[in-house]
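Peer 1: Sharing a structure below in C-alpha cells format, with a few things to ask.
The values are calculated or read from the model by the stated rules, or taken from the named source; none is laboratory data. Owing to the predicted nature of the structure, the values given are computational and were not obtained by experimental measurement. Cβ placement follows ideal geometry from the backbone for every residue including glycine, while neighbour counts extend to all protein chains displayed.
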C-alpha cells in the first residue's frame, strides 16, 4: 500500500495572510468611517486628508494635516459641528478593535 502526501501549507499560509491583510484594510476603512463622524471640521479639510496603507500584515491610518494631532489630543472650548471633538481617532480605533471579529469574518477568516 502506498500513501502520497501533498504539502499545501505554503499556499494555505499565503491565502490566510492575504485574507488577514484584507481584514486589516476593512478595519482601517471602519476606523476612518467612524472617526469621520467625530472629526472637527470648521476650517480646512481634516476629514478628507487621511492616508491608509496596508503592507503585509501591518496597517496604518494617518491624518496628514499638521494640526490633526492638536485636534486629536486637545479639548477646545467650542466646536462648530455637533458631535465632534477631541480623541476622534482614538475612539474610532477602540470601537473598531471591539468589533474586530466583523472585519475578519468579512474577509473570510
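Peer 1: So, in segment 77-99, of the ones that are surrounded by 12 or more Cβ atoms within 10 Å (Cβ to Cβ) and at pLDDT below 90, which residue ends up nearest to the chain's Cα centre (by Cα)?
Peer 2: Across segment 77-99, the extreme among qualifying residues is 89.
Peer 1: Please give the helices (runs of 4 or more DSSP H) falling wholly within segment 30-109 in which 2 or more residues are touching a residue at least 40 places away in the same chain (Cβ under 8 Å) and closer than 30 Å to residue 17 by Cα. Full working, then the answer.
Peer 2: Values: elements: 68-73, 88-98, 100-106.
In segment 30-109, 88-98, 100-106 are the helices (runs of 4 or more DSSP H) which contain 2 or more residues that are touching a residue at least 40 places away in the same chain (Cβ under 8 Å) and closer than 30 Å to residue 17 by Cα.
Peer 1: Please go through (1) under 18 Å from the mean Cα position of the chain (by Cα); (2) surrounded by fewer than 17 Cβ atoms within 10 Å (Cβ to Cβ); (3) over 22 Å from residue 26 (Cα atoms) for residue 41 and return the number of the only condition it doesn't satisfy.
Peer 2: (1)
Peer 1: Still on this structure: Just one of (1) surrounded by 11 or more Cβ atoms within 10 Å (Cβ to Cβ); (2) under 20 Å from residue 25 (Cβ atoms) trips up residue 56, so point out which.
Peer 2: (1)
Peer 1: (1) farther than 28 Å from residue 102 by Cα; (2) in contact with a strand residue (DSSP E or B) (Cβ under 7 Å, 6 or more places away or on another chain): which one isn't true of residue 76, the others all being true?
Peer 2: (2)
Peer 1: Return a yes/no flag: does segment 29-40 have any residue that is touching a helix residue (DSSP H, G or I) at 6+ places or on another chain (Cβ under 6 Å) and farther than 30 Å from residue 101 by Cβ. Step through it out loud before you land on a result.
Peer 2: Going residue by residue through segment 29-40, those that are touching a helix residue (DSSP H, G or I) at 6+ places or on another chain (Cβ under 6 Å) are 30-31, 34-35, 38-40.
Checking the rest, the ones that are also farther than 30 Å from residue 101 by Cβ come to 40.
Among the residues of segment 29-40, at least one is touching a helix residue (DSSP H, G or I) at 6+ places or on another chain (Cβ under 6 Å) and farther than 30 Å from residue 101 by Cβ, which makes the answer yes.
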